[in-house]
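Down below is the structure, laid out as structure tokens.
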Amino acid sequence: METAFRRSFAGLSLLFGLAWWLVAVSLAVPDDRHPLPVAVAVLFAASATVWAYRGAFVRIGPVDALSAVAVAVVVHTAYATHRSAELVVGLRCMVTTTAVLVAVAYLPPARGRAAAVIALAAQVASEWRHGAGAALEEVWPAFAAGVAAAVLAPVLRAAGDRADAAMRGDEDISEAAARERAARRGRRDFQRLLHDDVGSALRVAGMSGVPAEERRAEARRAVAALTAGAAGAAGAAGAAGAGRAGRGGGAGRAGGGEPVGGAVTDLVPLLAGLVATSVVGFPRPRLTTDFAAALPVPHEVAAACAGAAVEALRNVRYAGAAHVAVRLSGDHRGLELTVADDGRGFVPSQVRRTALGLRDSIGRRMTDVGGTADVRSRPGHGTTVTLRWNAVPDAPGGAPRRPRGQAETLRAAVGDVRGALAAVCLPHLGVMAVVGAVQARGTPTLLGHLLWYLALAAATCGLLFRADRRISGRVAVPLLVVAVAGAVSCLLVIPPEAITDYRSWPIGAVTPLLTLLVIVRPVRHVMLALVCEEVGIAVLASLHPPVAGSAAGSVAMVLPSMLSPATGVVMGLVIRRTLVTLGGAVLDAHEHRMVVVAAESAARARGEQHRRRLREIDEQIVPFLRAVADDHSGGGGDGPDSAAVRARADRLAQSVRDELHLPGVFDGPLRDLVGRAREAGCEVTVHAQVDDDSPPVVTPARVGLLRAVLTAALVDRDAPEELVLGVQAGPRGPTLSLVAMPGDPGRAAAVRAALKRTPYTVTYTLEDSADLTWAEVVLPE
């Protein structure tokens, strides 16, 4: 906002300075020149030039305001001492207007009003001998400018404060949304880590006949993925402001944090290293590869493709394949990666919806980066997984930017632009109506122009009301034609010398309309109207020039009238450019901050998610995997503890599957309770039909209820033969179902008591019979 004030004042000072330099020349030319008018003309012209420079390139402050008031007092005192015909009222109003504007805008309110009154009083005093009415009438432009500045300055500053507050609110909302998106992404990434790396290592550790080195290698990869994911998330959280965001998951985790914002990775060496270590089995299938020489793609795309390919290769272990072929083709614009085996195959349509390998570790992983995954298989004919990705073409000059309308840009700068425009236009409209009425009484030929002006003022007010919306050319152009025609035609009904006083008021009466339209409409229409008006004034004034001692003096006397509409247009142009520039900068900064805030929030959320989930499984799973990786406790070979190790791996693998279906529900005590039930012979099955983006069990209320129900069903009693815990979508929201077989009245009573103890209002159904105990509960929010 300060930039808008400063540049507007600079443009105004430049116009006034040029006019007064011309006056100074016209006063210095005659032989009978008087030194006092010349001196004050040079004084104000030089001062205006300095103010224009400071407003454009330095800054405007209280010193400029006080100096402007002092210059105004000097000029009006000099005019009262020696009245020069060239110093017409329009020129003197320029001096007063400059002092009033800068005093109101750049001095404290009380001091600013006092300084403005001093400048106005100086001009009134210089004309007091012509009567109080005439003296007061002469200061109306300066008075209207002061009122506009007094109203406009706080309006614009308040709008700037509101815009800043709104942007801070947008940032808070965007940060919260980014954190929520990142939390969902973090859950998916950790689920993939559990399924792809940890689950695979545990399954290998629980299988008999697997070579010791392969078992150790799988365990080492799982531990490395867990620790690298945590380190990458933490590192990215610290570097997000510099344009990096961490992401754990899959093959991309091996490198820690994941660069964003244009970073590229050569997929060929990344994929070659992973493929060589991921094809396992006993006996080990034969591997053939066909890769391009190099294939640089965005880092996240490389990580997704490598992770999906590794998951496809891990599945070969269970396919009984003798040969695996991996082919990679493409360039930076797109790629195709194929993993094909000759194993036993399967029917893709029969894969359970809750199976995460195909759906998430391969399919969703590619979808996240804008790619696709196609899985084709038939029993006895092997499996082919095809991954495809195509780059989105960039617009010339970079990423395409959403087009911005002028209304949006102005709104970003000042909020509702109508308030600012009303502050500029309404004081001028009101004072001009009074001046027009007074002059029409003294000059009856101007009565028609008074009616013209009242209609024009009403139309300008109507446009002000619609300034926050688009003003069509079908409305603006006819109004400009009527305005220019009325302004120029006044010279046909007034005497030539009247152009130097307020009888020529219709010429300046169009200023509010021009100022308004040059801000909210295309500039060319207003500039054409201004040129037409100035040409009309120049032609008519040259045909009947005012009385002056020289041609330069005549020009100096006509110039204030010509500058009256031009001043409004120039100020409007400066305000428009400043507001558009400021609004664009606000929108650019807002978009940039949103990117940075989103990256920082995403990195923090993913880091927190990974560390929290890692703490939950670290007590049991990570130590076991480290032991297997180091071949401790009989982790490798056929030692005496290998059967116990395999049994332990199988139980932990079941825990991982539980965690995959109901993430965050199984804390340490509940995991131990379910593990003991399985050791006692209970077949525990956990499943959930979850949405990809919003798993139903994410709130503390739901997690607490699930833990309470499952604990009540297993604690302090013999384990049932079979227990099924499921979560699925229901007509009233996510619904928990619990089935324990055979039935047990004590178990049913314990579950009922747990449901009644919950602090949340829940709807449930509970039945018990000799065959089973069954409960269905609508999960709370």
Share of carbon and sulfur in the accessible heavy-atom surface of the stretch 1-156 [1.4 Å probe, %]: 71 percent
Residue-wise HN-Hα coupling along the stretch 768-775, computed from phi with Karplus coefficients 6.51, -1.76, 1.60 (Hz; x: Gly, Pro): 9, 8, 5, 7, 7, 10, 10, 9
Relative packing of peptides 564-573, 646-655, 467-476 - highest average C-beta neighbours within 10 Å first: 564-573, 646-655, 467-476
Under-5 Å amide H pairs with GLY733, H placed in peptide plane, nonlocal only: none
Percent accessible area from carbon and sulfur atoms, the stretch 428-522, protein chains only, probe 1.4 Å: 71 percent
Peptides ranked, highest mean first, by Cβ atoms within 10 Å: ranges 213-225, 290-302: 213-225, 290-302
Accessible area (Å², per residue) of the stretch 65-136, counting only protein heavy atoms and a probe of 1.4 Å: 38 Å²
Selected from ALA125, VAL71, TYR53, residue furthest toward positive end of dipole (the stretch 42-127; charges at beta carbon): TYR53
For VAL523, net neighbour charge (Lys/Arg +1, Asp/Glu -1) across residues whose Cβ lies under 12 Å away: +4
Portion, in percent, of the accessible area of the stretch 667-781 that falls on carbon or sulfur, probe 1.4 Å: 50 percent
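The values are calculated or read from the model by the stated rules, or taken from the named source; none is laboratory data. Because the structure is a prediction, the values reported are computed rather than measured. Reconstructed Cβ throughout: ideal geometry from the backbone, glycine too, with neighbour counts over all protein chains shown. Please note that ligands, DNA and RNA were not included when accessible areas were found on the heavy atoms of the full protein model with its side chains. Shrake-Rupley method; radii C 1.70, N 1.55, O 1.52, S 1.80 Å.
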